[in-house]
Amino acid sequence: GEIDEHIYTNSLEAINLSHNNGFKYIELDFLKTRDGHYVAAHDWNKWVNFTGYKGKIPPTLEDFKKYKILKKFTPLSLYDVNEWISKKPDITLVTDKVKSPKDFIIYFNFKNQLLMEVFDYKGIIEAKELDIDFTVSDIFLYKNLPLNRNLLEKLNSLGVRKLSVSNIVINKDINF
């Protein structure tokens, strides 16, 4: 999602650039607005810094959409992402920061183009029950250290087949 040397914009221009560069997996961070809508933003503090927004956090969807990111990039709601991905059957949306697969899938229209990052047992179970493709975050693994046979057997019994581990974690703690 980097654009013009800015990371974490979660903007329309960033996903267009990634798609135009041939990427097939597009990762977006999703947060909920005060009025319950999913929007693409890494975190509210970063969004405030990017936009200059001065109101109550989290903003409403209307307020979120009023503010350009770095005064030039287009913010995305999940409704915008649905529209964008509807024209791109080759793209898989990878979610980050979503706490409930059950809630998210109500609003996302393309389950067959979705890979959800989950962060706890509840997320794993919800994703499995809803037949959503998922990956388990390294955050989950860190919360359950030390890694041991029982944990790995439990993950295996739950059907976990994918783990997401950031390059920062790999570079910092290769023994992880």
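The values are calculated or read from the model by the stated rules, or taken from the named source; none is laboratory data. Just so it is clear, the structure is predicted and the values come from calculations on it, not from any experiment. Because the Cβ atoms are built from the backbone with ideal geometry, glycine has one as well, and the counts that use them run over all protein chains shown. We work out accessible area using only protein heavy atoms, side chains counted, and drop any ligands, DNA or RNA first. Shrake-Rupley method; radii C 1.70, N 1.55, O 1.52, S 1.80 Å.
Counting only residues that are within 21 Å of Val94 (Cα to Cα) and either more than 14 Å from the chain's Cα centre (by Cα) or not polar (S, T, N, Q) (or both), how many does segment 129-151 have?
Looking only at that region, the number is 12.
Among residues of segment 53-97 being of a type in the set (Ser, Thr, Tyr) and within 15 Å of the chain's Cα centre (by Cα), the one that is most open to solvent (accessible area, probe 1.4 Å) is Tyr79. Note on segment 32-52: residues that are within 17 Å of Ile106 (Cβ to Cβ), surrounded by fewer than 22 Cβ atoms within 10 Å (Cβ to Cβ) and touching a residue at least 12 places away in the same chain (Cβ under 8 Å) total 4.
Among residues of segment 114-142 being in a helix (DSSP H, G or I), open to solvent by 20 Å² or more (accessible area, probe 1.4 Å) and not acidic (Asp, Glu), the one that is farthest from Trp84 (Cα to Cα) is Tyr142. Leu70 meets each of the listed conditions (1) within 20 Å of Lys32 (Cα to Cα); (2) touching a residue at least 40 places away in the same chain (Cβ under 8 Å) apart from (1).
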